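Here is the structure we will look at, set down as structure tokens.
Every read-out reported here was derived from the displayed coordinates using simple, explicitly stated rules and does not represent laboratory data. Here the structure is a predicted model, which means the values were calculated and not measured. Because the Cβ atoms are built from the backbone with ideal geometry, glycine has one as well, and the counts that use them run over all protein chains shown.
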Amino acid sequence: MKIAVAERGNVSVIAIQGDFVIGAPETAFNQAIRDLLDRQRKLVVVDFAGLGNIDSSGIDALVSGLTSCVNAGGRMSMARLTARVKKLFEITRLDSIFDIHGEVDGAVVKLETLARPPDSLVTK
């Protein structure tokens, strides 16, 4: 599996290419999340457009990544899930814990909006 990280404003987008399975892919994803959080990049979108297969270790890494982001005061969203992964998330009820979007742009906009302080807290 290949991972590419792009910065879009305050949001980091992790694009996955290939199979997200036990071993090196799982380790690479976990490291990517740690690296982002170490740099205070707490808003993350995972782009699944290039995903091949995912196994239980890949799903575990996603849940762990979400937990790490939330514990650091951030958020993690998913975008462009394949039909098979979307169905898997529905069956396992993971769609109730992950914020899922059809497109990366929608996920980025939502995370940026959620990260902004309310107008009443902004000094002018």
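Once label points are set 7 Å from the Cα along Cα→Cβ at both Glu90 and Ala6, what is their separation, rounded to one decimal in nm?
Inter-label distance under the simple model: 2.8 nm.
Against the longest principal axis of the chain, how steep is helix 24-38, in degrees 0 to 90 to the nearest 10, with axes from Cα atoms?
Relative to the chain, helix 24-38 is tipped by roughly 10 degrees.
Report, in deg cm²/dmol and to the nearest 500, the calculated mean residue ellipticity at 222 nm for the chain, where each DSSP H run with n ≥ 4 adds -39500 (n - 2.57) and the sum is divided by the residue count.
Calculated at 222 nm, the ellipticity per residue is -13500 deg cm²/dmol.
Collect residues whose amide H, placed 1.01 Å from N in the peptide plane, falls under 5 Å from the amide H of Gly52; neighbours closer than 5 in sequence don't count.
Here Gly18, Asp19, Phe20 satisfy the definition.
Please compute the length gained on full extension between Asn53 and Asn71, using 0.36 nm multiplied by the number of residues separating them and subtracting their Cα-Cα distance.
3.7 nm
What does the net charge come to around Leu37 if you take all other residues with beta carbon closer than 15 Å to its beta carbon, with K and R at +1 and D and E at -1?
Around Leu37, the surrounding residues sum to +2.
Comparing Ser12, Ser68, Ser96, which has the greatest mean-square fluctuation in the GNM of the chain with Cα pairs linked when under 10 Å apart?
Ser96
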